[in-house]
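K.L.:
Here's a structure for you.
The values are calculated or read from the model by the stated rules, or taken from the named source; none is laboratory data. Just so we're clear, the structure is a prediction, and the values are computed from it rather than from any experiment. Positions of Cβ are backbone-derived with ideal geometry, glycine not excepted, and every protein chain shown enters the neighbour counts. Surface accessibility is based on the protein's heavy atoms, side chains included, excluding ligands, DNA and RNA. Shrake-Rupley method; radii C 1.70, N 1.55, O 1.52, S 1.80 Å.
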Amino acid sequence: MMSANSGARLPQHSRLPRMMLAAGLTLAGGALAQDATPPASVSTSTTAPAPAAACPARPAINFNRWSENWSVLAQPCVPRAPFDGLKYLPLSDDGLSYLSLGANLRERMEHNDAPSFGIGAGGHADTYVIERAEVHADLRLGPQWQAFVQLEDARPFHKDAVSPVDRDQLDLEQAFVTYVRRLDDGWFKARAGRQEMAFDLQRFIAVRDGPNVRQSFDALWADWETPHMRWIAYLTQPVQYRDASHFDDISNGHLSFNGLRVERNDIGGGDLSAYYSRYRRDGARFLDGQGDEGRNVFDVRYSGKTARFDWDVETMAQSGQVGARSIRAWALGSIIGYGWPQLAGKPRAGLQFDAASGDHHAGDGRVGTFNPLFPNGYYFSLAGYTGYANLIHLKPSLTLKPIAGLTLLAALGLQWRETTADAVYAQGSAVVPGTMGRGRRWTGAYAQTRADWSVNRNLTASVEAVHFQVGDTLRQAGGANADYVGVELKFGW
């Protein structure tokens, strides 16, 4: 139900939603795990010796690197690997203060024979490599303080059309300080600085791991967690990426995203969350309006999993104004699945349904086009042919796990426009030229196949292929069928 975004493990007495941990929303990561108290050993005999304490496992290489707890290397029983002397540099006798160094490298070769369906100057076939290298330092000062710094160098090679999400040479990806404290029956956590954040399945608030440059926020974040509830407040300015020189990325008062969020687990077998956010952007441009954008965002999500059935349903409403025009927009996202874990290959059948509003009447003083905010670039597919605006999307899928570490996916996506008065949108809410107010609702269909292989604890490999069969509307706008192939290697240390 979640992508492989692994977060920190909370103490054993905490029961926060696992989906939120996977999205990387907990603070201080492994520092919290040090406060967990293992169950007391109960002896059946007054003379029997107490069993030896279990040896902790080596930390996994997490999606959010700041959530890893390398203090376990203080224990001699933990298996060793090369360069562990840099993974754990103790700074105190109790081992709770330490410095940990790490790195990530992602290499992806992509071939796209018709970017933007072949429409426009950048619509010709292109084969290229995108590379993202990251290094980080994680400083823990006891169980309460953490300072984390991560640098990023993202570069495309032989890519014809380079955008801000493709290249950011040597810049500051994250730099924040976290404070954690146990209060009564809960945990108070605060984080300040440049940081990544993501909600739920990352439909609308995402780390943006699909493109080459991930999305960061200069932010203040605070939350209060109890065994069943969590309250979160955040004040952010999303980072704007530039590549004129090193360390030139900025955030400023022209774009902000602030809000409040609440989560409750164990409701009818699932987890419920809701949040309100205020999105503000100066100089916004839509097909039916332009000016300063102030958007109220109301979001509710319910997710859960049983032995065989899993579900994730999210809906968002948006109001506010763009210049003198009002905003009335909405979106719905849902994924349900049913699995047969007892069968060979552990098959799972899935069904995804998504919808987002478009603008029904140009010039009526109301902007109806949904703003997907900070979406995941590969929520539909890694090819990213279409975006989350003016959309109806239906996608049945089948997933198999024939051997340990290998996952195979086959899916068929069907797409329509929510209204023909609005355009077909690509990623980044880019309008596909020649589609506004023309043609029919049917956009097209795509077939997707994907394989993910965990080679070992440090290396993963993926292959994805997508064929998009365009409908008459795109064809009349000059579009053509499109094929995408991506081959990716990820290494984490």
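K.L.:
Take the Cα gyration tensor of segment 271-334, multiply each eigenvalue by 5, square-root it, and list the three semi-axes largest first, rounded to whole angstrom.
P.N.:
Rounded to whole Å, the semi-axes are 32, 11, 8.
K.L.:
So, in nm, how far is label Asp364 from label Asp266 when the simple model puts each one 7 Å beyond its Cα toward the Cβ?
P.N.:
Between Asp364 and Asp266, the label points sit 4.7 nm apart.
K.L.:
To continue, here is another question. Please work out how much length the chain gains when fully extended from Leu220 to Thr449, using 0.36 nm per residue of separation minus the C-alpha to C-alpha distance, in nm with one decimal.
P.N.:
Values: separation 229, 0.36 × 229 = 82.44 nm, distance 3.97 nm.
Between Leu220 and Thr449, full extension yields 78.5 nm more.
K.L.:
Normalised radius of gyration for segment 301-388, please: alpha carbon Rg relative to 2.2 N^0.38 Å, two decimal places. Spell out each step's value before the answer.
P.N.:
Values: Rg = 17.5 Å, N = 88, 2.2 N^0.38 = 12.1 Å.
Cα Rg divided by the expected 2.2 N^0.38 Å: 1.45.
K.L.:
Quick one: net charge of Leu400's neighbours, Cβ under 10 Å, K/R +1, D/E -1? If you can, show how the numbers build up before the last one.
P.N.:
Numbers: positive: Lys346, Arg348, Lys401; negative: none.
Surrounding charge for Leu400 is +3.
K.L.:
What is the chain's relative contact order, in percent, from Cα pairs under 8 angstrom and six or more apart in sequence?
P.N.:
Working: 1346 pairs, mean separation 54.6, N = 493.
RCO, the chain: 11 percent.
K.L.:
Another question, if that's okay. Show that you can apply the helix-only estimate: for the chain, add -39,500 (n - 2.57) for every DSSP H stretch of four or more residues, divide by all residues, and state [θ] at 222 nm to the nearest 500.
P.N.:
On the way: 4 runs with 18 residues, N = 493.
Mean residue ellipticity, 222 nm, calculated: -500 deg cm²/dmol.
K.L.:
I need to check one value: relative contact order of segment 370-467, counting alpha carbon pairs closer than 8 Å and at least 6 residues apart, in percent. Numbers along the way, then the final one.
P.N.:
Numbers: 187 pairs, mean separation 25.7, N = 98.
About 26 percent, as a whole number.
K.L.:
Percent of accessible area on segment 372-493 owned by carbon and sulfur, 1.4 Å probe? Please list the in-between numbers first.
P.N.:
Values: 3230 of 5170 Å².
Within segment 372-493, the accessible surface is 62 percent carbon and sulfur.
K.L.:
Okay, moving on. For the ranges 165-176, 192-203, 452-463, 253-264, what's the packing order if you count other beta-carbon atoms within 10 Å of each residue, average per peptide, and put the highest first?
P.N.:
Numbers: 165-176: 19.4, 192-203: 23.0, 452-463: 14.2, 253-264: 16.7.
So the peptides 165-176, 192-203, 452-463, 253-264, ranked by packing, come out 192-203, 165-176, 253-264, 452-463.
K.L.:
At q = 0.18, 0.20, 0.22, 0.27 Å⁻¹, what base-10 log of I(q)/I(0) does the Debye formula yield for segment 152-216 when every alpha carbon is treated as an equal point scatterer in vacuo?
P.N.:
Normalising to I(0) and taking log10 leaves -0.80, -0.90, -0.99, -1.14.
K.L.:
Using the Karplus curve 6.51 cos²θ - 1.76 cosθ + 1.60 with θ = phi - 60°, work out ³J(HN,Hα) for each residue of segment 73-80 in order, rounded to whole Hz, and write x for Gly and Pro.
P.N.:
5, 5, 9, x, 6, 6, x, 9
K.L.:
Please give every one of the lysines within straight-line cross-link reach of Lys305, meaning a C-alpha to C-alpha distance under 26 Å, and leave out same-chain neighbours fewer than 8 residues apart.
P.N.:
Lys346, Lys395, Lys401
K.L.:
Over all pairs of distinct alpha carbons, what does the Kirkwood formula give as the hydrodynamic radius of segment 198-325, in Å? Numbers along the way, then the final one.
P.N.:
Working: mean 1/r = 0.0597 Å⁻¹.
The answer is 16.7 Å.
K.L.:
Taking N as the number of residues in the chain, what is its Cα Rg relative to 2.2 N^0.38 Å? Walk me through the numbers before you get to the answer.
P.N.:
Numbers: Rg = 23.5 Å, N = 493, 2.2 N^0.38 = 23.2 Å.
Here the answer is 1.01, to two decimals.
K.L.:
Could you work out the relative contact order of segment 164-237, using alpha carbon pairs under 8 angstrom and six or more residues apart, expressed as a whole percent? It would help to have the intermediate numbers written out before the result.
P.N.:
Numbers: 131 pairs, mean separation 21.8, N = 74.
Normalised by residue count, the contact order of segment 164-237 is 30 percent.
K.L.:
What does the extension gain come out to for Asn252 and Leu86, with contour length at 0.36 nm per residue minus their alpha carbon separation? Walk me through the numbers before you get to the answer.
P.N.:
Details: separation 166, 0.36 × 166 = 59.76 nm, distance 3.59 nm.
Gain on extension, Asn252 to Leu86, equals 56.2 nm.
K.L.:
If you find the alpha carbon centre of segment 289-308 and of segment 51-80, how far apart are they in angstrom?
P.N.:
36 Å
K.L.:
Just to confirm, what accessible area per residue do you get for the chain at 1.4 Å probe, in whole Å²? Working shown, then result.
P.N.:
Details: 21550 Å² over 493 residues.
Per-residue accessible area for the chain comes out at 44 Å².
K.L.:
Here is a further query. Please give, to one decimal in nm, the separation of the simple spin-label points placed at Asn296 and Ala74, each 7 Å out from Cα toward the Cβ.
P.N.:
About 5.0 nm, to one decimal.
K.L.:
Under the 0.36 nm per residue contour assumption, what length would be gained going from the current alpha-carbon distance of Leu408 and Ala161 to full extension? Numbers along the way, then the final one.
P.N.:
On the way: separation 247, 0.36 × 247 = 88.92 nm, distance 3.08 nm.
Fully extending the segment from Leu408 to Ala161 adds 85.8 nm.
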